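The values are calculated or read from the model by the stated rules, or taken from the named source; none is laboratory data. Remember, predicted model here, so these are calculated numbers, not experimental data. All Cβ positions, glycine included, derive from the backbone under ideal geometry; neighbour counts span all protein chains shown. All accessible areas refer to the heavy atoms of the entire protein, side chains included, with ligands and DNA or RNA removed. Shrake-Rupley method; radii C 1.70, N 1.55, O 1.52, S 1.80 Å.
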Amino acid sequence: MRKENSIRLNRDVYRDKVYACWLGKNIGGTMGTPYEGTHDYLDVKGFVTKENVALPNDDLDLQLVWLYAVEKIGSRAINAMSLGEFWLGFLPANWNEYGIGKINMRRGLLPPLAGDYENVWQDSNGAWIRTEVWASLAPASPDIAAKYAIEDAKVDHGAGEGTYAAAFVAAMQSAAFVVPDLRKCIEIGLAAIPENCRMADSIRLTLECYDKGMSPLDTRNAIQRRNQDVGDGWFQAPSNVAYAILGLLYGGGDFKKTMICAINCGDDTDCTAATVGATLGILGGTSAIPKDWKKHIGDDIVTISIDRHDSSACRKLPNTCTELTDRVVRQAPHVLFDNEADVCLTDGETALPDNLSEKLLAGGKIRQSLLNLRKNSMHFDFSVLSADVVLESAPEIRPNGSVDIELTLTANTHTFGHNPYAVGFRWWLPEGFRVEGERMSMTLHRKDGVRHLCGYNGKRTTRFTISAGEQISATNRCVLEIVAEGRCTPMYIPVTLLG
């Protein structure tokens, strides 16, 4: 028997929306690409590209690799660090934040440190343009879609606005599978990100301008003025996501009008148009896609940032929107199950709970995860506990210098058991390095009624100072070993410090 507050989504309806998502993505990317980087307000009429030819777009490319990652290692293993390895293995593109993230990972920095360190493009567009795979794998589950989008974005954006943008778009698109009201979808997206971030401010400004009856041009100019201090260039996330929302609002649900309205704003036009097309595809399914525009780009996926000849894996990535859709649909039930989503794909009729909006607005946990995301931090999940490591400064060390590190351990309720247990620490350091700590062991308590007696709230924090000798290397890898008394699995946390 179906639970009263569960979501049942007809499988055929879901598949149609996923296919429309990728068609819309391809249409927008193809139409917007010729204008990419134009900072002026435009007057677009339609396609200027060859008929029956889809242009290559990295917005879609990266998502093919993410789908492959889910297929190979399973959704439970998807996090910033595992996605970082897929970056290094399958994506030769080195543009802007892509390149910074990869350089930092090759130097030994783990995400999100790789996205934080010396990265002037943390607030740019590279992450929110690749959210559709997460939204499609987790339909009607904005918190789950946003969770994966955040892990994805941390690789090359760290704790920047680019990560907030990815969480917003993923949550909005996931909600669109069951919520036909665009404004409600935007509200659900905003619930996933901090209220005071630049990304949220830009979205709220766009909504305010629209509600005041301002023209699309005046709204676009207001967005530009608000964010003129964000970075240097035409590919910053706060403005460009706002342009996509502008198009969706002023387009009034009309696919062609919406697409052209977004492109007319200029800047990163292939990204804004592709996201608009994908979102409208999810909202309306294939019936929302104009037949003449669908015919113009066909079904093929043309890649630019994947070397399809480099490995058998890349050669096996989807070549068409149809194939991509089929493979996403096969994985979605596993992703929903792995994340304990209260969503079921069914051959029966779609059935939605009366409290659907409240259910999907429950993004507080995701918003809190972003509020807790700190620069120069790393998160590790082990079977017994979770560990959060924060470097008090950049991951650098000089001869005879030192770095302060904060370590917070949180008990995992699903494997903890009933009794508190002791955990011990041991550092493995390069020659000449030494470490000092507040404590080299602690007692960790389960997160239940005991926490109120011990005062630890299921977690405890300690600090260490790592000091170098006179000789250091370009890459200095320190490893913290954590052993829980009575448990068989040692846990290892690498902390790389650059010389």
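Of note:
- Considering only residues in the stretch 88-108 that are of a type outside the set (Asp, Glu), over 16 Å from Ile306 (Cβ atoms) and not in a loop (DSSP other than H, G, I, E, B), the one that is nearest to the chain's Cα centre (by Cα) turns out to be Gly101.
Listed here are the residues, each with its yes/no results for (1) open to solvent by 40 Å² or more (accessible area, probe 1.4 Å); (2) within 19 Å of Phe255 (Cα to Cα); (3) in contact with a Gly (Cβ under 7 Å, 6 or more places away or on another chain).
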residue	(1), (2), (3)
Val18	no, yes, no
Asn26	no, yes, no
Gly29	no, yes, no
Gly37	no, no, no
Tyr41	yes, no, yes
Phe47	yes, yes, no
Val53	yes, no, no
Pro56	yes, no, no
Leu60	no, no, yes
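- Odd one out for Tyr117 among (1) within 17 Å of the chain's Cα centre (by Cα); (2) more than 17 Å from Gln173 (Cβ to Cβ); (3) among the hydroxyl-bearing types (Ser, Thr, Tyr): (1)
- Residues within the stretch 94-115 that are hydrophobic (A, V, I, L, M, F, W, C) and touching a helix residue (DSSP H, G or I) at 6+ places or on another chain (Cβ under 6 Å), tallied: 3
- Within the stretch 158-230, helices (runs of 4 or more DSSP H) holding 3 or more residues that are open to solvent by 10 Å² or more (accessible area, probe 1.4 Å) and in contact (Cβ under 8 Å) with a residue 12 or more places away in the chain: 182-190, 198-211, 216-226
- Met105, sole failed condition from (1) open to solvent by less than 60 Å² (accessible area, probe 1.4 Å); (2) touching a residue at least 60 places away in the same chain (Cβ under 8 Å); (3) touching a Pro at 6+ places or on another chain (Cβ under 8 Å): (2)
- Restricted to the stretch 479-494, and to residues there that are outside any loop (DSSP other than H, G, I, E, B) and of a type in the set (Val, Ile, Thr), the residue that is farthest from Pro112 (Cα to Cα) is Val483.
- Residues of the stretch 276-292 satisfying the condition of being in a helix (DSSP H, G or I) and open to solvent by less than 20 Å² (accessible area, probe 1.4 Å): Val276, Gly277, Ala278, Thr279, Leu280, Gly281, Ile282
- Some residue of the stretch 71-87 being closer than 29 Å to Gly298 by Cα, open to solvent by less than 10 Å² (accessible area, probe 1.4 Å), touching a Ser or Thr at 6+ places or on another chain (Cβ under 7 Å) and part of a helix (DSSP H, G or I): no
- Pairs with Cβ under 6 Å, 6+ apart, first in the stretch 466-481 and touching a residue at least 24 places away in the same chain (Cβ under 8 Å) and open to solvent by 60 Å² or more (accessible area, probe 1.4 Å), second part of a strand (DSSP E or B) and polar (S, T, N, Q): Arg477/Thr496
- Near pairs, Cβ below 6 angstrom, 6+ apart or cross-chain, from the stretch 27-45 (closer than 18 Å to Ile129 by Cα and in contact (Cβ under 8 Å) with a residue 12 or more places away in the chain) to any residue that is open to solvent by 10 Å² or more (accessible area, probe 1.4 Å) and in a helix (DSSP H, G or I): Ile27/Trp293
- Taking the criterion of being among the aromatic types (Phe, Trp, Tyr) and over 25 Å from Ala175 (Cβ atoms), the only residue of the stretch 120-139 that qualifies is Trp121.
- Members of the stretch 109-156 that are in a loop (DSSP other than H, G, I, E, B), more than 21 Å from Ala20 (Cβ to Cβ) and open to solvent by less than 10 Å² (accessible area, probe 1.4 Å): Leu109, Pro111, Pro112, Asn125, Gly126, Ala127
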